[in-house]
1. Which residue, of ALA274, ALA256, is within 30 Å of THR49 (Cα to Cα), buried (at least 20 other Cβ atoms within 10 Å of the Cβ) and in contact with a Lys or Arg (Cβ under 7 Å, 6 or more places away or on another chain)?
2. Which condition number does GLN192 fail, the rest of (1) in contact with a His (Cβ under 7 Å, 6 or more places away or on another chain); (2) modelled with pLDDT under 95; (3) not small (Gly, Ala, Ser) being met?
3. Please go through the range 324-348 and give me each residue that is more than 23 Å from LYS186 (Cα to Cα) and basic (Lys, Arg), ordered by number.
4. Which of the strands (runs of 3 or more DSSP E) found entirely inside the range 221-283 contain at least 1 residues meeting this: in the same structural domain as ARG313 (by TED's automatic domain parsing)?
5. Among (1) buried (at least 16 other Cβ atoms within 10 Å of the Cβ); (2) modelled with pLDDT under 95; (3) polar (S, T, N, Q), which single condition is SER247 missing?
6. Mind checking whether some residue in the range 120-138 is modelled with pLDDT of 95 or more, surrounded by 21 or more Cβ atoms within 10 Å (Cβ to Cβ), among the β-branched types (Val, Ile, Thr) and part of a helix (DSSP H, G or I)?
7. Can you name every residue in the range 101-119 that is within 20 Å of the chain's Cα centre (by Cα) and buried (at least 20 other Cβ atoms within 10 Å of the Cβ)?
8. Of all residues being assigned to a loop (DSSP other than H, G, I, E, B) and touching a Ser or Thr at 6+ places or on another chain (Cβ under 7 Å) in the range 72-85, which is surrounded by the fewest Cβ atoms within 10 Å (Cβ to Cβ)? Just the residue, please.
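The values are calculated or read from the model by the stated rules, or taken from the named source; none is laboratory data. These figures come from a predicted structure and were not determined experimentally. Here the Cβ is made from the backbone with ideal geometry for all residues, glycine too, and neighbour counts use every protein chain on show.
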Amino acid sequence: MNGNSCRASKRTNKVTSTILKSFRTVSIPLTMNLSYWEYKTWLSNIDFTVVGSGIVGLNCALQLKKKHPKAKIVVLEKGLMPQGASTKNAGFACFGSISEILSDLKTHSQEEVLKLVQNRWDGINTLREILGDSILDLQLHGGHELFLNADKALYEKCISELDIANELLYPVFGSDAFKLSQNSFKFKGIEQNYISHGFEGQIDTGKMMQGLLKKVQSEGITILNGVTVKSFQDNPDVVAIETNAFSFSSKKLCIAVNGFSSDLIREKVKPARAQVIITKPIKNLAIKGTFHVQEGYYYFRNIDNRILLGGGRNLDFESEETIEFGTTKLVQNKLADLLKEVILSDTPFEIDYAWSGVMGVGKQKKPIVKLLSNNVACGVRLGGMGIAIGTSVGRQLAVTFE
């Protein structure tokens with residue numbers, strides 16, 4: 001070996017040694033298990049990231065795509081399917097029972113209550129326009145508030161203020177929303193009349209979300225499931241986002257996780273768990289419509305010849321102020337008692353499923369849709385009216401940056 005070869009060999013060894021040292025000192029995050037191709041295809045050059053694939057998040061993504069056709073949009077969802085309340089609710093297309101409206105008037109002005117109901121009405125109609133009544137499986141059987149015999153004072157108050165509520169809401173519906181109707185389904189232990197809302201209906205929540213997911217995907221919007229956003233940092237031109245699976249950046253960030261938002265932002269949104277049960281199919285089940293009990297803290301309907309019954313967080317507000325899914329004996333026993341004593345007192349039944357969803361609530365029922373910083377916005381606190389206002393909130397969230 002000549003001298004030139006020796007010197008070349010020494011240089012090569014020195015370079016190789018330097019490269020190896022540099023590799024040994026590189027720190028690769030444990031969560032980073034993605035290839036170059038995965039980052040390049042799914043996680044680079046993102047214009048908008050939406051956190052949450054519920055009704056708000058998907059409508060936000062659709063509106064963003066409409067306004068920014070060339071934008072790259074990614075929706076992140078922590079569950080295998082949409083979590084929260086969008087797929088775990090009762091499927092009520094409702095605008096507020098009379099006792100809810102009168103209760104809201106204690107904490108809101110008449111103008112605020114009117115606007116709340118108008119937004120619910122507009123939101124349902126927009127959802128119908130987007131998906132169509134067939135996909136929603138919309139059934140317009142009306143809504144009815146029942147009053148337990150123990151709630152006679154509330155019943156009499158609602159009857160005495162029926163005209164006040166109708167006059168207030170006339171601009172929304174163009175006719176009287178509330179009227180007295182007979183106990184045609186022979187429920188037990190209640191006052192002789194319902195106070196019915198002729199414009200309320202019911203939908204199939206699963207079909208609604210499936211329809212929205214298909215529509216979003218058909219627009220070329222990416223949905224990544226099993227991804228939990230743990231934190232974010234808004235920088236001048238980009239948002240750095242840390243998830244349970246990877247880190248990446250996005251020009252804009254839209255937070256649409258409602259009851260789970262306290263993990264990410266400081267807005268005043270309390271989680272409110274709602275427990276639900278559903279019976280096995282009941283032969284010749286004649287009950288039709290959506291039903292509210294005790295200012296809406298309980299609600300039920302017929303779905304596929306089963307009774308779906310939910311609510312009961314008023315039994316223990318503190319315990320139900322949680323983001324943990326699950327059920328409690330206290331609430332489950334109360335729901336079973338309502339089935340036995342009021343709804344299906346003369347009909348044998350078996351409970352088939354039990355589950356829970358998490359809503360976002362606060363002292364005010366007006367949702368929070370706002371910029372949090374230059375590149376981050378939120379649409380949260382839907383107050384248990386996600387089906388009615390989720391579409392509108394999602395659309396409003398999409399235009400907060402303009």
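1. Going through ALA274, ALA256 in turn, the sole match is ALA274.
2. Condition not satisfied by GLN192: (1).
3. The one that is more than 23 Å from LYS186 (Cα to Cα) and basic (Lys, Arg): LYS329.
4. Per the criteria, 270-279.
5. Here SER247 clears every test but (1).
6. Checked against the condition, which is being modelled with pLDDT of 95 or more, surrounded by 21 or more Cβ atoms within 10 Å (Cβ to Cβ), among the β-branched types (Val, Ile, Thr) and part of a helix (DSSP H, G or I), the range 120-138 yields at least one hit.
7. LEU116, VAL117, ASN119
8. It comes out as MET81.
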